[in-house]
Amino acid sequence: MFERNGGYDVLKYADVAEPKAGPNDVVIKVKASACNFNDIWARRGLPGMKIILPHISGSDAAGVVVETGSEVKHVKVGDEVVVHCGISCRECYYCTRGEEYFCSDFKIWGFQTGPFDGAHGEYCKVPAVNTLPKPPNLSFEEAATMPLVLVTVWRMLVSRAHIQAGDFVLVWGAAGGLGVMAIQIAKLYNARAIAVASSADKLELCGRLGAEFLLDRKKHDIFQEVRKITGSRRADIVFEHTGADTWPISMQCLKWGGTLVTCGATSGFDAHLDIRLLWNKQQNYLGSHLGNKGELIEAMRFVASGDIKPVVGKVLPLKELATAQDLMETNTIAGKIAIVPPGA
Ligand SMILES: [Zn+2]
């Protein structure tokens, strides 16, 4: 937890009261949680975003239900579950259209302000509607790393960019938590992933996951390589989440009529767009934010079948959350970092 925004030094390992389930909630004994960049944004503080302090981060968890609220019907004590981190009212115009991310009450669990503390603890509380069965073929550590990145990438590539067989998909940060999902979803659709990562080890992982082309961003001229790979046509889809650093190259690499889809900007928020190119090339620039629970349910079928696999690069005890965040910020680990609380 942290009581003020700042660097790693504000993270405290402390005892807090156990959560009690409200009528529509469940309490979960956390077997594992997972790290996301949200944890870091929340700790640092973002301009314009109010973070209620003290704050317990964590938007991904897997565990066992230990308490259910009086109105909860479909989740039972003892159920092994994972959590969908999009919390919304479930009643408004947007929610009833399956567009929960547009709900005026929408919150990312463990990130934004709200009545629920996040996943990085021994217990957590979430609305029962936000739970899904844990895929039985995964360990708790593996399962905890899946929901946020999986639903985000599924929505980006499947719902937003309408990925198709044969598409060349340029994947930035391909060995990261989002990237490893993008490669596998591209493969699932018989699309052709062009993976960009920063080391030979990471690219080897990308290749094992099904990326057809492997580019080292420290060695290759990404634009020239993409031209070569695609026979000058360039990429059908550019999968963006890095932002300012990669945006100009992403624009260059996108084919006429192609689709750039982005869900974040860890390297900076400001990018230039030449509007003449936008209309002449008839390109699609799409934003995407998380996804709805239905999209996560769709995607999880392919986790249960083994077509989409978790990539857990590191497992650390809860006490070492600061180390985990440092490994994430320095881009050291391929795949995801799982966190295990004491007694899990
Ligand atoms: Zn709503």
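Structural remarks
- The label point for Glu320 and the one for His74, both projected 7 Å from the Cα toward the Cβ, are 3.8 nm apart.
- Dividing the summed -39500 (n - 2.57) terms of all DSSP H runs of n ≥ 4 by the residue count of the chain sets its mean residue ellipticity at 222 nm at -7000 deg cm²/dmol.
- Flagged links, alpha-carbon separation over 21 Å, of Lys31/Lys309; Lys73/Lys134; Lys134/Lys336; Lys12/Lys134: Lys12/Lys134
- If only the Cβ of Lys and Arg carry +1 and only the Cβ of Asp and Glu carry -1, the dipole of the chain around its Cα centre is close to 760 debye.
- Shape category assigned to segment 172-286 from the gyration tensor of Cα positions, a/c cut at 1.5: prolate
- Stokes-Einstein diffusion of the chain at 10 °C, 1.306 mPa s viscosity, Kirkwood radius from Cα pairs, rounded to a whole number: 78 µm²/s.
- Net charge, Cys92 excluded, C-beta distance under 14 Å - Lys, Arg +1, Asp, Glu -1: -1
- Gyration tensor (alpha-carbon) shape descriptor, segment 20-179, a/c threshold 1.5: rounded
- Estimated FRET transfer efficiency when R0 is 25 angstrom, pair Glu99-Arg301 (beta carbons, to 0.05): 0.70
- Area accessible to solvent at Thr332, 1.4 Å probe radius, in Å²: 80
- Å² of accessible area per residue within segment 108-193, as computed with a 1.4 Å probe and no ligands counted: 29
- Phi angles of segment 121-135 translate, via the Karplus equation with coefficients 6.51, -1.76, 1.60 and θ = phi - 60°, into HN-Hα couplings of x, 7, 10, 9, 10, 9, x, 4, 5, 8, 9, 9, x, 5, x Hz per residue; Gly and Pro are given as x.
- Shape category assigned to segment 209-250 from the gyration tensor of Cα positions, a/c cut at 1.5: rounded
- Across segment 10-132, C-alpha contacts under 8 Å between residues 6 or more apart give a mean separation that, scaled by the residue count, equals a relative contact order of 33 percent.
- Each of Cys95, Gly69, Ser57 was placed along the dipole of segment 51-98 (beta-carbon charges, centred on the mean Cα), and the one lying farthest toward the positive end is Cys95.
- Residue-count net charge about Ala161 - beta-carbon cut-off 10 Å; Lys, Arg +1, Asp, Glu -1: 0
- Charge tally in the Cβ shell below 10 Å around Asp307, where Lys, Arg are +1 and Asp, Glu are -1, Asp307 excluded: +3
- Relative counts (whole %) of C-alpha pair distances in segment 53-142, using bins that are 5 Å wide: 3, 14, 23, 22, 21, 13, 4, 0
- With contacts taken as Cα pairs under 8 Å and at least 6 residues apart, segment 194-319 reaches a relative contact order of 16 percent.
The values are calculated or read from the model by the stated rules, or taken from the named source; none is laboratory data. Please read these numbers as outputs of a predicted model, since none were measured by experiment. Heads up, the Cβs are rebuilt from the backbone with ideal geometry, glycines too, and the neighbour counts pull from every protein chain shown. SASA here: full protein model, heavy atoms, side chains in, ligands and nucleic acids out. Shrake-Rupley method; radii C 1.70, N 1.55, O 1.52, S 1.80 Å.
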